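The values are calculated or read from the model by the stated rules, or taken from the named source; none is laboratory data. Fair warning: this is a prediction, and the values are worked out from it, not measured in the lab. Positions of Cβ are backbone-derived with ideal geometry, glycine not excepted, and every protein chain shown enters the neighbour counts.
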Amino acid sequence: MAGKKKLPIGIEFFQSFKSDDFYYVDKTGFIADLPQTRGSVNLFTRPRRFGKSLNMDMLKSFFEIGADASLFEGLEISRNTELCRQHMGKYPTISISLKDVEGGDFQTAYDMLGARISEEAERFSFLLNSDRLTRSQKIKFEKLLNENFEKSSVLCGSLRLLTEVLNRHYGVPALVLIDEYDVPLDKAYQAGYYQQMIHLIRSLFSQALKTNPNMYFAVITGCLQIARESIFTGLNNFKVRSISSADCAEYFGFTDSEVREMMEYYGVGERFPDMKEWYDGYHFGNMDVYCPWDVVSQCDILRGSKDAAMEPHWVNSSNNVILRDILKNATEAVKAEIEMLISGEIIEKEIMPELTYTDLESQEVKIRQTYLWSVLYAAGYLTDAGKPNGRIHRLTIPNKEVLGMYEEKIRSWFKVLEVQ
C-alpha cells in the first residue's frame, strides 16, 4: 500500500519506528507508570512475542544519557512534560539480553554470557579515559572489554562493576535492564547443566541487584517466574508483575481498540472479527489482549490479500521443547482435562506463581501436575477465564490459534508418547 507505514514484523529496536517509518502501537505510557510503581528490582513475566524486548529497548531509549527526544515526539509520553524533564536522558543505562546465552555444555553458555557482557561494556569503552575512575577500576573494567572471564568471580561481578564505573563517571546511579533472563536456564535444563547455570545467574544477579548504591533501579523480563530462592535470594524491594498482575497489564499485548485502529489504517477492518477469534482471548491482570506477533504478521498478509485465510504465527515461533517435556508424564486424568479444554470447557487448577525446573522431575505427581498447568498458563497456552481465587485459576484456551495447537500437536504428541 503506497504511503502506508511498514508493519514492524520482528522489530525490537525502538528507534527503528522513527528512522525506518514503521507502524507503532503507542506503549510509552509504560515509561510514565514504571517510576510511579517500581521497586528497586522489577520483574515482568509474559509469554514470548508479547513485546517484552521492544518495551525494554523503549526504556533504554528514553532513560539513557544522550536520549533522542525526537523519537518520542507525538507519543503519549511526550505530553507528560514534567516527567520528561526529570527523567529523559538522565541515567547511564546497562542493557543486556540473555536470549542467545545457550550451549550444549556449561562452558559454551558461560563464554556466551561473558561475550554478551563484554559487548555491552564496549559501549562504555570511553571510560578507560575517564579522569574520575581510579586505576584499579580501569584495570577491572579492561578485563570486561577483553573478555577476561577465566575467573568466575570476574563474570559474576561484571554487572555490578559496570554500575560502579558508570556511577563514578557520571555521578548518577545506573539503570539496569536484563531481557529474557530465564532463557539460559531453559537451555541449561535441556542440555543437562541446570544447577551450574542457576548458580552462575544467581551470583551475577545477587552482586548487581542486591543493596547496590550504584544502581537506580532494574527491570528484568522473562517468560517464567523462576523461584526467588533460586535466583533472587535476598533482594530488597523486589516487585513482580506476572500475567495475573493488574499493574502495567496494558503495555504487553494489543488491546481491542489498538487492533481495530491498525486494521482500519491498512484498510482491512472488515476482517476484525476473524482477527479477534484467532488471536484475542489473553487475560492479563484486568486487561484482555491480543498477541502482537500474531496481529502484525496476519495484518501483513491481509493487506496483500483481504480474503487470505487466517494462519497460526505465535504457536509456530518456538520449538516448544519444554512443553513436550512437561506433557510426557501427563496422567490419564490430565489428558482427559486437556480434552475438556479442547471442547471449550473451563477447568480449575492451582497455579504456582514461582517455578523451578526441578519440579518437573519431582517424584510427587501432584507437584508435577501443578507445574504442568503453571507452565501452560505462564507461557500463554492457557489463560484466565475469570478472576483467580488466590492460587486457584479458572483456565481456558485463549483463542482459535492456540486451540489448533492442542488439536494437532498436543494430541499427536500424546499418541507418540503412548507408542513409546
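When the range 44-55 is limited to residues that are crowded, with 24+ Cβ neighbours inside 10 Å and hydrophobic (A, V, I, L, M, F, W, C), the one that is farthest from Cys248 (Cα to Cα) turns out to be Phe50. With respect to the conditions (1) more than 22 Å from the chain's Cα centre (by Cα); (2) within 23 Å of Gln225 (Cβ to Cβ); (3) buried (at least 18 other Cβ atoms within 10 Å of the Cβ), Cys299 lacks only one, and its number is (2). So, of the residues in the range 50-69 that are assigned to a loop (DSSP other than H, G, I, E, B) and among the hydrophobic types (A, V, I, L, M, F, W, C), which turns out to be farthest from Met215 (Cα to Cα)? In this case the residue turns out to be Phe50.
Note on the range 309-354: residues that are surrounded by 14 or more Cβ atoms within 10 Å (Cβ to Cβ), under 13 Å from Val375 (Cβ atoms) and β-branched (Val, Ile, Thr) total 4. Checking every residue in the range 243-258 against the condition of being closer than 28 Å to Ala191 by Cβ, touching a strand residue (DSSP E or B) at 6+ places or on another chain (Cβ under 9 Å) and either surrounded by fewer than 17 Cβ atoms within 10 Å (Cβ to Cβ) or touching a residue at least 12 places away in the same chain (Cβ under 8 Å) (or both) gives at least one match. Entry remark, the range 365-379: residues being surrounded by fewer than 21 Cβ atoms within 10 Å (Cβ to Cβ) and closer than 16 Å to Phe50 by Cα number 1 in total.
Residue-level analysis places Ser95 among those that are among the hydroxyl-bearing types (Ser, Thr, Tyr), farther than 30 Å from Met263 by Cα, outside any loop (DSSP other than H, G, I, E, B) and at pLDDT 95 or above.
Residue-wise test of (1) outside any helix (DSSP H, G or I); (2) over 20 Å from Phe63 (Cβ atoms); (3) among the acidic types (Asp, Glu).
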{"position": "Gly89", "(1), (2), (3)": "yes, no, no"}
{"position": "Leu113", "(1), (2), (3)": "no, yes, no"}
{"position": "Ile139", "(1), (2), (3)": "no, yes, no"}
{"position": "Glu142", "(1), (2), (3)": "no, yes, yes"}
{"position": "Val165", "(1), (2), (3)": "no, no, no"}
{"position": "Ile178", "(1), (2), (3)": "yes, no, no"}
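Rundown of residues vs (1) of a type outside the set (Ser, Thr, Tyr); (2) in contact with a Pro (Cβ under 8 Å, 6 or more places away or on another chain); (3) over 30 Å from Asp288 (Cα atoms); (4) part of a loop (DSSP other than H, G, I, E, B), yes/no style:
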| position | (1), (2), (3), (4) |
| --- | --- |
| Leu185 | yes, no, no, no |
| Tyr189 | no, no, yes, no |
| Ile198 | yes, no, yes, no |
| Ala208 | yes, no, yes, no |
| Ala218 | yes, no, no, no |
| Thr221 | no, no, no, no |
| Glu229 | yes, no, yes, no |
| Val240 | yes, yes, no, no |
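Could you list all residues from the range 242-291 that are more than 20 Å from Met310 (Cα to Cα) and part of a strand (DSSP E or B)? His283, Phe284, Met287, Asp288, listed by residue number.
In the range 281-294, the condition of being at positive phi and either crowded, with 19+ Cβ neighbours inside 10 Å or in contact (Cβ under 8 Å) with a residue 12 or more places away in the chain (or both) is met by at least one residue.
The residue that is nearest to Lys52 (Cα to Cα), among those in the range 1-23 that are aliphatic (A, V, I, L, M) and crowded, with 16+ Cβ neighbours inside 10 Å, is Ile11.
Yes/no matrix, rows are residues, columns are (1) outside the structural domain of Asn212 (by TED's automatic domain parsing); (2) of a type in the set (A, V, I, L, M); (3) not in a loop (DSSP other than H, G, I, E, B):
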{"site": "Lys4", "(1), (2), (3)": "yes, no, no"}
{"site": "Ile9", "(1), (2), (3)": "yes, yes, no"}
{"site": "Glu12", "(1), (2), (3)": "yes, no, no"}
{"site": "Phe30", "(1), (2), (3)": "no, no, yes"}
{"site": "Leu34", "(1), (2), (3)": "no, yes, yes"}
{"site": "Gly39", "(1), (2), (3)": "no, no, no"}
{"site": "Asn42", "(1), (2), (3)": "no, no, yes"}
{"site": "Arg48", "(1), (2), (3)": "no, no, no"}
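Could you tell me whether the range 32-39 includes any residue that is surrounded by 20 or more Cβ atoms within 10 Å (Cβ to Cβ), in contact with a helix residue (DSSP H, G or I) (Cβ under 7 Å, 6 or more places away or on another chain) and not small (Gly, Ala, Ser)?
Among the residues of the range 32-39, not one is surrounded by 20 or more Cβ atoms within 10 Å (Cβ to Cβ), in contact with a helix residue (DSSP H, G or I) (Cβ under 7 Å, 6 or more places away or on another chain) and not small (Gly, Ala, Ser), which makes the answer no.
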